[in-house]
1. Out of all DSSP beta bridges in the chain, what portion is antiparallel? Express it as a percent rounded to 5.
2. Once a ≥ b ≥ c are taken as the square roots of the eigenvalues of the Cα gyration tensor of region 145-194, is the result rounded (a/c under 1.5), prolate (a/b larger than b/c) or oblate (a/b not larger than b/c)?
3. Picking from 102, 4, 26, whose Cα lies most toward the positive end of the charge dipole for the chain (charges on Cβ: Lys, Arg +1; Asp, Glu -1)?
4. Residues with beta-carbon under 11 Å from that of residue 155, excluding residue 155: net charge, scoring Lys, Arg +1 and Asp, Glu -1?
5. In the chain, carbon and sulfur make up what percent of the accessible area (probe 1.4 Å)?
6. In terms of modelled amide H atoms, which long-range or inter-chain residues lie less than 5 Å from the amide H of residue 68?
7. Once you've got the GNM for the chain with C-alpha springs shorter than 10 Å, pick whichever of 69, 135, 166 has the biggest mean-square fluctuation.
8. Compute, for region 2-179, the length of the dipole vector about the Cα centre, with Cβ point charges of +1 (Lys, Arg) and -1 (Asp, Glu) only. Units Debye, rounded to 20.
Amino acid sequence: MIINVVLFHNFETLDVFGPVEVFGKADEWEIKYYSLDGGLISNQDNIHIATEKLDQFISDQVLFLPGGIGARDEINNSSFIDTIKHLATKSQFVITVCTGSALLAKTGLLDGREATSNKRSFDWVKQSSDQVTWIKQARWVVDGKYYTSSGISAGIDMALGFIADIKGLEKAREIAKRIEYNWQEDKIVDNFTD
């Protein structure tokens, strides 16, 4: 399985590295990093990641979109949104963390589907599409090939849920134990809803 992480400037650190920690523990899974123009992508925590250009994206397995303050700029970047739509359409699975769901919703691919996002940005996210059934009380939501999670650390829970769906519950529990993480296995249990 190849996890294709699509980055943009000012992505949220844990949105990316929480799930990447989980995916990196799945046997024989590979993680690749892309951005619209390629090169170094940085964020507010002074993280710098070398990325390939999105036009070099060759795998159609998993498209992974984080959130972060930079999503507020990218949602108005039609080139970025069009590219995400193209890649998401051909991907086997699409995973978003936090406000990454707003970027995906902007493509129209979540229309008629259920999704969730960061509770602190929920009103802003809902503006990305009124055709999505936004679920506030959820740690993560699965609708078809689309996995969306609530804010930041919820991405770790969702990543473990994805592992459970693909490789089995015991593998997900093994990874959670290995990283000493108390996994919230029930996707509708969310202690962060207002």
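1. Values: 8 of 27 bridges.
Looking only at bridges with both residues in the chain, the antiparallel portion is about 30 percent.
2. Numbers: a/c = 2.14, a/b = 1.38, b/c = 1.55.
It is oblate, given that a/c is not under 1.5 and a/b is not larger than b/c.
3. Of the candidates, 102 comes out farthest on the positive side.
4. Numbers: positive: 139; negative: 12, 15, 21, 157.
Result for the local shell: -3.
5. Values: 3820 of 8780 Å².
Within the chain, the accessible surface is 43 percent carbon and sulfur.
6. Under 5 Å from the amide H of residue 68: 12, 99, 100.
7. 166
8. Working: 19 positive and 23 negative charges, 86 e Å.
In debye, rounded to 20, region 2-179 gives about 420.
The values are calculated or read from the model by the stated rules, or taken from the named source; none is laboratory data. Fair warning: this is a prediction, and the values are worked out from it, not measured in the lab. Note that each Cβ is placed from the backbone with ideal geometry, even for glycine, and that neighbours are counted across all protein chains shown. For accessibility, only protein heavy atoms count, side chains too; no ligands or nucleic acids. Shrake-Rupley method; radii C 1.70, N 1.55, O 1.52, S 1.80 Å.
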